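The values are calculated or read from the model by the stated rules, or taken from the named source; none is laboratory data. The structure presented is a predicted model; accordingly, all values stated were derived computationally and were not measured. All Cβ positions, glycine included, derive from the backbone under ideal geometry; neighbour counts span all protein chains shown. Only protein heavy atoms, including side chains, enter the accessible area calculation; ligands, DNA and RNA are left aside. Shrake-Rupley method; radii C 1.70, N 1.55, O 1.52, S 1.80 Å.
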Amino acid sequence: GAFSPPPLSGYLVAPQQSRVWGAAQAAVRADLRWPGEMALLPGLMLLILAAAGLALGAAPVRRRLWLAAAVVGSVLLGLGTTFAGGRYTILPMQRQLPGWESDRTTGRLVLYTTLALGLLAAYAVTGLQERLPRGRGWATLVLVLPLAVTLEGLGTVAHPAVPPLPAALRGVQAPVLVLPSDGFHDAATMTWSTQSWPEVVNGSSSIEPRQIGELRQRVAGFPDAASVAFLRDLGVRTVVLLPGYAFGSPWQGAESRPVDGLALHREQVSGGDWVYRLDR
């Protein structure tokens, strides 16, 4: 898919949010099919320190070799099907071990690569401290190396602006369906639901469950007899319609659809949203 797997070069490319390498590697990052999931640089300083830790770290040789093997193994797994088609790495893991089949973006395994590199880097710092005499050089080393790693890791990730909670969702009787419902708008609905944790029918993920797709199809004509009967059988008590978000969706203009003869009561609340309460 578009999100997986990354190429080996992705482990040497920083994301655009990196203050140190983001702008400098813009051209290289443009060659990646999906930079957001494939720019995986753990940090140049971390790589240098890890190499030093492997060569002269304070830990026993066997332990350093095991950590090096963990780095190589996690990278090969992270490459997914770009390495030998995944036949000897990620595919057997996904087919034989529980939980692995849910990992659709293998590049995220860089977390384990970074952990192993960090341990090797720590052994490098410890080894250098043991070799250097106590004094100005030792103090400089203790200060400069962690500071360099920290500065390289500084990023510019912006804090997203969350849409305000619609008044129609305050004190709503659950279970509730919020319309419009699709892969984009359901993300906002799930965020709003954290205010009081009502049961919501909406849900969104990178992989759409079959039931969610079927539900959206069957309520595309809401409010009508078929969709109301379906929702009642499903156990839904309330439908909240947000016309301000419905442009271009099947529910654009749904607030003007007649409800005569339907077993529900509707009410317009502040902000122009609508609450439909389904009769039991």
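Filtered by the rule that a residue be farther than 12 Å from V228 by Cβ and open to solvent by less than 60 Å² (accessible area, probe 1.4 Å), segment 255-273 gives E255, V269, G272, D273. In the set (1) surrounded by fewer than 15 Cβ atoms within 10 Å (Cβ to Cβ); (2) in contact with a His (Cβ under 9 Å, 6 or more places away or on another chain), the condition left unmet by Q217 is number (2). The residues of segment 185-206 that are hydroxyl-bearing (S, T, Y) and either part of a helix (DSSP H, G or I) or open to solvent by less than 30 Å² (accessible area, probe 1.4 Å) (or both), listed by number, are T189, T191, S193, T194.
Results for (1) assigned to a helix (DSSP H, G or I); (2) among the small types (G, A, S); (3) open to solvent by less than 60 Å² (accessible area, probe 1.4 Å), shown as yes or no for each residue.
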{"site": "Y123", "(1), (2), (3)": "yes, no, yes"}
{"site": "G127", "(1), (2), (3)": "yes, yes, yes"}
{"site": "V144", "(1), (2), (3)": "yes, no, no"}
{"site": "A158", "(1), (2), (3)": "no, yes, no"}
{"site": "P163", "(1), (2), (3)": "no, no, yes"}
{"site": "G183", "(1), (2), (3)": "no, yes, yes"}
